[in-house]
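Inspection log for the structure reproduced underneath, given as structure tokens.
The values are calculated or read from the model by the stated rules, or taken from the named source; none is laboratory data. Keep in mind that what you see is a predicted model, and the values were worked out from it rather than measured. As a convention, Cβ positions derive from the backbone with ideal geometry for all residues, glycine included, and neighbour counts pool all protein chains shown.
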Amino acid sequence: MNSIIFTHTFRFIILVLLQVLVLNHINFLGYLNPYLYILFILLYPLKNNRVVFIFLSFLLGLTIDLFLDSGGVNAAASVTIAYLRPYVLKFSFGAVYDHQTMKFGNVEFGSKLTYFTILTVIHHFILFSLEIFNVSKIILILQNTLFSSIFTIILCILTTIIFSRRN
């Protein structure tokens, strides 16, 4: 139990530091910015308390917002995907998720890619919609969402491949 708490605390801190110190300074072509910190939400264990999970997601987003001075947009996007996560898990993994026997390291790549893609696109769309907050700039919102999502998904997949435990 203590090792699980330590692992998630370590993951939380490392992802926040990586996001704030490294990834937020990547702004390729003006709108391509990876948000790897959502990996904490994507890989959080399934069987844990949902209220605690949503609170930790809020805390994660709020921490990023405090460092970026972004007024709560990361917290709002993080809480939204944390709330929607069970529905996306059921859609992406089906019966494997229903029986609570799923481990992220043992699922097929296509299902994992679908899961990562849906939650990342939702997160980024909410993030950029709240950040820009202008309906007349919907093309800019969609452009930022698309390109940042692609970059974030690639980084999330590469990170999970690099740091996965080999059996």
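With the condition kept exactly as written, say whether any residue in the range 22-31 is assigned to a helix (DSSP H, G or I), at pLDDT 90 or above and within 25 Å of F128 (Cβ to Cβ).
No; the residues of the range 22-31 include none that is assigned to a helix (DSSP H, G or I), at pLDDT 90 or above and within 25 Å of F128 (Cβ to Cβ).
Which is closer than 24 Å to L23 by Cα, modelled with pLDDT of 95 or more and not β-branched (V, I, T), of L59, L158, L140?
L59 is the lone residue from the list that is closer than 24 Å to L23 by Cα, modelled with pLDDT of 95 or more and not β-branched (V, I, T).
Check whether at least one residue in the range 118-130 is assigned to a helix (DSSP H, G or I), surrounded by fewer than 20 Cβ atoms within 10 Å (Cβ to Cβ) and modelled with pLDDT under 95, and report yes or no.
no
Out of the residues in the range 85-117 that are in a helix (DSSP H, G or I) and among the β-branched types (V, I, T), state the one that is modelled with the highest pLDDT.
T117
In the range 73-96, what count of residues is obtained for those that are buried (at least 16 other Cβ atoms within 10 Å of the Cβ) and either of a type outside the set (K, R) or free of Cβ contacts under 8 Å to residues at least 12 places away in the same chain (or both)?
15
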